[in-house]
Amino acid sequence: MCDVCQDLVDPKETKLAELLAGYAGQKGALIPVLQKAQEIYGYLPADVLRRVGRGLKIPVARVYGVATFYAQFRLTPMGRNVLRVCLGTACHVRGGAKVLETIEQELGVKDGGTTEDQRFTLEIVACIGACGLAPTMMINDQVHGRLTPDKVGGILAQYE
Amino acid sequence: METMKTLLDPCCERCTHTPETPCRDYIRCLTAGPLCHDDPGCRAKRSGLLAELRPTQGSEEGQQILVCAGTGCASSGAHKVVSALEGELQRQGLDSEVKVVATGCHGFCEQGPTLIIEPAHTVYTLVKQGDVAEIVQKEFKEKQRVENLLYQDPLTGQSAATFANIRFFAQQTRVVLGNCGFINPERIEEYIAHDGYQGIAKALQEMSSDQVIEEVKASGLRGRGGAGFPTGLKWSFCRQSAGEKKYIICNADEGDPGAFMDRGVLEGDPHAVIEGMLIGAYAIGADEGYVYCRAEYPLAIKHMEIAIRQAEAAGLLGNNILDSGFNFHLSIRAGAGAFVCGEETALMASIEGKRGMPKVRPPFPAQSGLWGKPTNINNVETWANVPHILRRGAAWYAQYGTEKSKGTKIFALTGKVNNTGLVEVPMGMSLRKIIFDIGGGIQNGKKFKAVQIGGPSGGCLPDEMLDLPVDYDTLTRAGAMVGSGGLVVMDETTCMVDIARFFLNFSQSESCGKCTPCREGTKRMWEILDRITKGEGKEEDLDTLEHLAHVVKETSLCGLGQNAPNPVLSTLKYFRDEFEAHIRDKTCPAHVCAALLTYTIDAEKCKKCGLCARACPAACISGDKKTPYVIDTEKCIKCGTCLDTCKFGAVVRA
Ligand SMILES: Cc1cc2nc3c(=O)[nH]c(=O)nc-3n(C[C@H](O)[C@H](O)[C@H](O)COP(=O)(O)O)c2cc1C
Ligand code: SF4
Ligand code: SF4
Ligand code: SF4
Ligand code: FES
Ligand code: FES
C-alpha cells in the first residue's frame, strides 16, 4: 500500500478488524465485541453490525437482535458525553425526578435524546450503586451525588 | 538474589514457587514461612513486610492513611484528598514513614471521603483537601486527633473518633465487609496478609470436594442473590451432574435499585470473591468460571480485572493450583444494561452472546446451564462468604443468625434515614434496630412510614412490622422478601400509590417480553395505578389490581414477572387507606401526586414580595405591592416552584 492510500484507511476500521480477528472462534464473543466496537465508533452503525456478523460468523439478524435487546447498545450516534440520571428507588424517594426535570430543561432533551450540539446524550437509569449519595447521576464514568436542582448547571458546565 | 520487595516475591532462591512450579504450602508460607527452609533472614523479610501490611496499634511500623476511593467517595473528591495527602506528607518529611493507601468502599459513602489513620484507627469523615495539612501535622507529628474534624453523630451532635464509637458501625458485625475499606483492593498481598486464600489452601490440602460441600451445608449459608436457596445443596446438585466440563458463575449483575452491597464487595475485596469461587469450583468440579458484572460498575470491573491478573501471576488461578492438580480459569463479562439478565438463565444466555431472555426450568442450570453444561451460579455476597466458612469453620459461621437463616447479611440502607450505607448484621436482627439504631432514624425529624425491602421483587412494610426479625422465611411470610437486601426507608412525605406505580414502571420496562402475563399484565397494572395517582381511579380498580396481580404472579415464567406484583400487593395490604384516599377523596395524603394537589397563597402570611410570581413558569400568580398575591388555580400546572420560592411560608399545598 502506498503512503497516500495508507492515510485513507480509517484507523477505526483497522481497530475493528483487529478486534474481530482477536475474538474469532471464541465462544460468546458477540456481546464483548459489540461493546468494544461501540467504544471505537461511539455507537453501532448498521455497517459495523454487518461486519461484526461476518467476522464472527453470526447471522446479521442475530447481531441486530442482540444489539436492540440491550440498553447499552446504541444504533444512532451519541453525544460526546453520556449523562445517566438515576431514578432508582433511593434516588426516587430523595427527589431524583426534580433533578431530572432540571437537566431536561437545561439540555432541552428527554430520555434517550442527544443535544443538537452533540454535547450530551441523556439517559435515565435505575441505580448506579451510589444510593447513599442519592439523588445521583453519572456522566461518562464519573458519579455525581447529593444532587439538587441548583447544582446541575455547575456540573454540566464541566463537560465540553 | 535481590531482596523481597513485596510479600509475593520469593524470599531467596530456595523458594521455588511459580505458577508453573507451584508449591503446595505457598499461602501459609507467605504469612508464617519460610516453611521449606529455615533462615532467620528470610523470616525477618516476611515479617517486616507483614507488619507493614497489618499495622498493630501502638507500633510505629505500618503508619498508614487509608482513604476510601470507592465509587461514592471518588465522586466526593477522594482522589483530590489522596494527592493532597501525598503532597503534605512530603512537605512535612513524612513520606517515607507514612503510606497513603486507597481502599474500597466502607459503605458509609454519604459521609465520604472517609479517611482512617492507622494504627490509631482514627476516622475522619467528609474530608476536604483543605483539612489535610492539619490532619497530617496533628496525627503524625503531635500524635493528637483533630477534634473538630471528627465524625459527628447527626442526632446527638457528639463526635466519635473511631468506627467502634460511631453508632452506624458499632452495632454491625462485619464479616464479608471486614476487609472493605481496610485493604488496598488492587494489591493481592494485602488480601493475603489479612488471611486471604487460606480457605482454598485448606480445602485443597486437607479436604475432599465432598467434605467442602458438607462444610458449606453445615454452615447453613443460603444464597444472598434473592431466593435464599441453600448454597451447599445447590453445589451438590451440580457436583452430582454427569459430565466432565462444568462452569461456575458469579452473579454481579446487581440490578435492584437501592442495593449496592455487591458493588462494595467487588470494589473493596475482589479477592474474597475469587477465593470463594475457587473453593466452589473445587467442590463442584468446575474448571472455568465467569464473573458477570453490570456495566454500570466500571470501578468494580476494573478491580476485579486487576485481581484476576494478580491471582494468575501468583499461581492462584490457572493450572495445577498450589500443586493440587486443580485447574481453574476465571474471566469477566460486562453486562449490557438489562435488569432481567440478573435472572440466572437469562444471564447465561447473555454470556453465550444471545438476547438475555429467561428459559423454562427444568432443566436447571445444575444439569444444563452455560453452553448446555452443568453450571452453578451464585451471587457475589454468597461467594464472598465462602472463604470465611472454610477458614473459620461451619460452626463458627453458624453461630450468627437464626435457626434457618445463618450468618450475616449486608443491607443497603438508603432513603429518608439519617445514616445511609452498607449495614452488615447477623440475620434475624429486627428492621427497627437496623433503621432506628444503626440508621439513626428518620431524616429531619419526620415520621416513618414504610420500608421497602427486596427491590422490585419485594414489598413495603409499615411500622407495625418493624419488629420482625429479618430472615428469609419471616419476610416472605410478611409479603416482602430479603431479596438482595436493599432497604429503602420512606417517610410521611412518600406516597405509597406513587411508589407502587414506580416499581411497576420499573418491572414493566424491564420485562423481557417473552411471556404475556408479565409483558401485558404489568403494563395494565401500571395504567391503573397511573390513573389512580391522577385522581381518575375508580372504586373497582383495587379489586382489578389484586386480581391482575395474582394472575401475573402465578402465570409468569421467571422471577421478574412472578415477583413484580409484590410491591403492589404489599402496599395494598398495608396502606390501603392511601389508595382509597386517592380514589374516593381525590387527595394524596403525602402531597406527592401533582394532579391531586392545589396551591394557594395565605393572604395573611403573604408579604407581597412578588418572588413567587416571577418564578412561576405558568405565570398564574398575580398581585402587587398593595394586594396579596393569588394563584389562579385553573392555570396552575402544580409544579411547586412557588412553594420552594416563598421565604415566608405563605404558599400552601393541600
Ligand atoms: C429478574 C431477576 C433479577 C435477578 N437479579 C439478580 C442479581 O442482580 N444478582 C443476583 O445475585 N441474583 C439475581 N437474581 C437471582 C438469580 O436468578 C439467582 O437466583 C442467584 O444469582 C443465585 O445465587 P444465590 O443462590 O447465591 O443467591 C435475579 C433473579 C431475577 C428473577
Ligand atoms: S416473566 Fe417477564 S421477564 Fe420473565 S420471562 Fe416472562 S416476560 Fe420475561
Ligand atoms: S405550583 Fe407552579 S404553576 Fe402553580 S402557582 Fe406555583 S409556581 Fe405557578
Ligand atoms: S413569595 Fe410568598 S410572600 Fe412573596 S408574594 Fe409570593 S406568596 Fe407572597
Ligand atoms: S437508586 Fe440511585 S444510585 Fe442507587
Ligand atoms: S465509596 Fe467511600 S464509603 Fe462508599
Handout entry: Flag if residue B:442 is in contact with a Lys or Arg (Cβ under 8 Å, 6 or more places away or on another chain) and under 26 Å from residue A:89 (Cα atoms)
Key = yes
Handout entry: Tally of residues being surrounded by 19 or more Cβ atoms within 10 Å (Cβ to Cβ) and more than 12 Å from chain A (Cβ to nearest Cβ) across the range B:443-454
Key = 1
Practice task
Being within 14 Å of chain A (Cβ to nearest Cβ) and β-branched (Val, Ile, Thr) is the filter; apply it to the range B:250-294 and report the residue that is nearest to residue B:179 (Cα to Cα).
Solution key: B:265
Practice task
Hey, can you tell me all the residues within the range B:559-601 that are away from ligand 2 (no atom under 16 Å from the Cβ) and in contact with a Phe, Trp or Tyr (Cβ under 9 Å, 6 or more places away or on another chain)?
Solution key: B:571, B:572, B:601
Practice task
Please find, within the range B:497-522, the residue that is farthest from ligand 4 (Cβ to nearest atom) out of those that are open to solvent by 60 Å² or more (accessible area, probe 1.4 Å) and more than 27 Å from residue B:589 (Cβ to Cβ).
Solution key: B:514
Exercise for the section: Look at the range A:59-82 and say how many of its residues are under 12 Å from the mean Cα position of the chain (by Cα), surrounded by fewer than 18 Cβ atoms within 10 Å (Cβ to Cβ) and basic (Lys, Arg). Expected result: 1
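A quick yes/no check of all residues on (1) more than 16 Å from ligand 5 (Cβ to nearest atom); (2) in contact (Cβ under 8 Å) with a residue 12 or more places away in the chain:
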position: A:60; (1), (2): yes, no
position: A:88; (1), (2): no, yes
position: A:104; (1), (2): yes, yes
position: A:126; (1), (2): no, yes
position: A:131; (1), (2): no, yes
position: A:135; (1), (2): no, yes
Problem - Unmet criterion (only one of (1) within 14 Å of chain A (Cβ to nearest Cβ); (2) assigned to a helix (DSSP H, G or I); (3) open to solvent by 10 Å² or more (accessible area, probe 1.4 Å); (4) on the phi < 0 side of the Ramachandran plot) for residue B:312 - result: (1)
Exercise for the section: Would you mind finding the one in B:617, B:628 that is away from ligand 1 (no atom under 16 Å from the Cβ), in a loop (DSSP other than H, G, I, E, B) and within 14 Å of another protein chain (Cβ to nearest Cβ)? Expected result: B:617
Problem - Single residue of B:104, B:62, B:70, B:112 found to be away from chain A (no Cβ under 14 Å), open to solvent by less than 30 Å² (accessible area, probe 1.4 Å) and more than 16 Å from ligand 2 (Cβ to nearest atom) - result: B:62
Completion exercise
In the range B:316-358, anything within 11 Å of ligand 1 (Cβ to nearest atom), among the hydrophobic types (A, V, I, L, M, F, W, C) and over 21 Å from residue B:270 (Cα atoms) is listed as B:338, B:339, B:340, B:341, B:346, B:348
Handout entry: residue A:26 being open to solvent by 60 Å² or more (accessible area, probe 1.4 Å), within 11 Å of chain B (Cβ to nearest Cβ), among the polar types (S, T, N, Q) and in a helix (DSSP H, G or I)
Key = no
Practice task
Determine if the range B:485-497 includes at least one residue that is within 14 Å of chain A (Cβ to nearest Cβ) and either assigned to a helix (DSSP H, G or I) or over 30 Å from residue B:432 (Cα atoms) (or both).
Solution key: yes
Handout entry: Residue, nearest to ligand 5 (Cβ to nearest atom), within the range B:413-441, restricted to residues that are touching a helix residue (DSSP H, G or I) at 6+ places or on another chain (Cβ under 8 Å), open to solvent by 20 Å² or more (accessible area, probe 1.4 Å) and away from chain A (no Cβ under 11 Å)
Key = B:418
Handout entry: Flag for residue A:53 being at pLDDT 95 or above, more than 12 Å from ligand 5 (Cβ to nearest atom), out of contact with any strand residue (DSSP E or B) (no Cβ under 7 Å at 6 or more places or on another chain) and more than 11 Å from chain B (Cβ to nearest Cβ)
Key = yes
Problem - Filtered residue count, the range A:83-113, keeping only those that are in a loop (DSSP other than H, G, I, E, B), in contact with a strand residue (DSSP E or B) (Cβ under 6 Å, 6 or more places away or on another chain), open to solvent by less than 30 Å² (accessible area, probe 1.4 Å) and within 20 Å of residue B:504 (Cα to Cα) - result: 0
Problem - Number of positions in the range B:119-165 that are in contact (Cβ under 8 Å) with a residue 60 or more places away in the chain and either aromatic (Phe, Trp, Tyr) or in the same structural domain as residue B:446 (by TED's automatic domain parsing) (or both) - result: 1
Exercise for the section: Could you name every one of the helices (runs of 4 or more DSSP H) located completely within the range B:512-572 that has at least 3 residues being in contact with a Leu (Cβ under 6 Å, 6 or more places away or on another chain) and modelled with pLDDT of 95 or more? Expected result: B:522-533
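The values are calculated or read from the model by the stated rules, or taken from the named source; none is laboratory data. Every value quoted in this text rests on a predicted model; they were computed, and no experiment measured them. Glycine also receives a Cβ, built like all others from the backbone with ideal geometry; neighbour counts cover every protein chain displayed. Remember, those area values only see protein heavy atoms, side chains included, never the ligands or the DNA or RNA. Shrake-Rupley method; radii C 1.70, N 1.55, O 1.52, S 1.80 Å.
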